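This report refers to the structure that appears directly beneath it.
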Ligand code: ADP
């Protein structure tokens, strides 16, 4: 009897099968996500070619623009996700958290201004650094900020704060927006998962942002925490290990 050997083979096959299944699901999901806006694009363009009224034509063209933008966002996010997934061990350079926060805020500023949302930046003082990949970290904080802005009410405040405690560095993004129902909390990190916040609040998002955030966290030996209450708001915290050779 060599039960260990037998065990190992079974494990191997089921793991491979599981990965194949994930890949198949993923391809199916991607196809589905692209099919909807592509279908809309086709219909809109067809209608446009036959539309004599310039006002209506203008409106159709603008919807084509919106749908095309959506397709390109999905593709951008997929490319980001695949890059981040393939860089399992990203470059580990000392990166100042303050710079990551500032860069991510800069990228979301115009979207925030459009909705009259103020972004409060609470930088760790003295500055702290983590070991990792700057592009990935900015990408993660940017995704969290983008969500915070999207799911907040006009005129509200979004706060991004960096701090350190217990050998960890925390980067927290807080909003006072719609919040997330408890039953959805476990699933929001899945690819393409979106909470149904009601028709009034179609974010135009891809459902990939938080998968990217979670991947960036795990690439940096960290994790993401979420604290959210429906109707009150959310805090997402990226928790990263503090570099051992720390000296600020
Ligand atoms: P999306 O591109 O749709 O924002 P994400 O993966 O970033 O994709 O988020 C998944 C879903 O989680 C969102 O569609 C939204 O329903 C919910 N969500 C994420 N962040 C927030 C937030 N700050 N407030 C409320 N809901 C959120």
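What are the pairs, 6+ residues apart or on separate chains, where a residue within segment 33-57 that is on the phi > 0 side of the Ramachandran plot and at pLDDT below 95 has its Cβ under 7 Å from a residue that is surrounded by 14 or more Cβ atoms within 10 Å (Cβ to Cβ) and not in a helix (DSSP H, G or I)?
No pair meets every condition.
Mind checking whether some residue in segment 148-160 is surrounded by 14 or more Cβ atoms within 10 Å (Cβ to Cβ), within 17 Å of the chain's Cα centre (by Cα) and closer than 21 Å to residue 219 by Cα?
No, that holds for no residue.
With 89, 68 as the choices, which residue is assigned to a helix (DSSP H, G or I) and either at pLDDT below 90 or out of contact with any helix residue (DSSP H, G or I) (no Cβ under 6 Å at 6 or more places or on another chain) (or both)? It would help to see each step written out before you state the result.
Numbers: 89 fails: assigned to a helix (DSSP H, G or I).
The unique qualifying residue is 68.
Residue by residue through segment 9-46, note down the ones that are over 25 Å from residue 66 (Cα atoms) and surrounded by 14 or more Cβ atoms within 10 Å (Cβ to Cβ).
none
For segment 109-129, how many residues are at pLDDT below 95 and buried (at least 19 other Cβ atoms within 10 Å of the Cβ)?
Residues flagged as at pLDDT below 95 and buried (at least 19 other Cβ atoms within 10 Å of the Cβ) within segment 109-129 amount to 3.
Pairs, please: C-beta under 8 Å, at least 6 apart or cross-chain, first residue over 30 Å from residue 124 (Cα atoms) and in segment 172-195, second more than 7 Å from the ligand (Cβ to nearest atom) and part of a loop (DSSP other than H, G, I, E, B)?
Every condition considered, the pairs that remain are 181/230; 182/230; 193/187; 195/181.
Just give me the residues in segment 47-61 being out of contact with any helix residue (DSSP H, G or I) (no Cβ under 7 Å at 6 or more places or on another chain) and surrounded by 11 or more Cβ atoms within 10 Å (Cβ to Cβ), in sequence order.
First, pick out the residues of segment 47-61 that are out of contact with any helix residue (DSSP H, G or I) (no Cβ under 7 Å at 6 or more places or on another chain): 49-50, 52-56, 58-59.
Listed by number, the residues that qualify are 56, 58, 59.
The values are calculated or read from the model by the stated rules, or taken from the named source; none is laboratory data. Since the model is a prediction, treat every value here as computed from it, not as a measurement. Note that we place each Cβ from the backbone using ideal geometry, even for glycine, and neighbour counts take in every protein chain shown.
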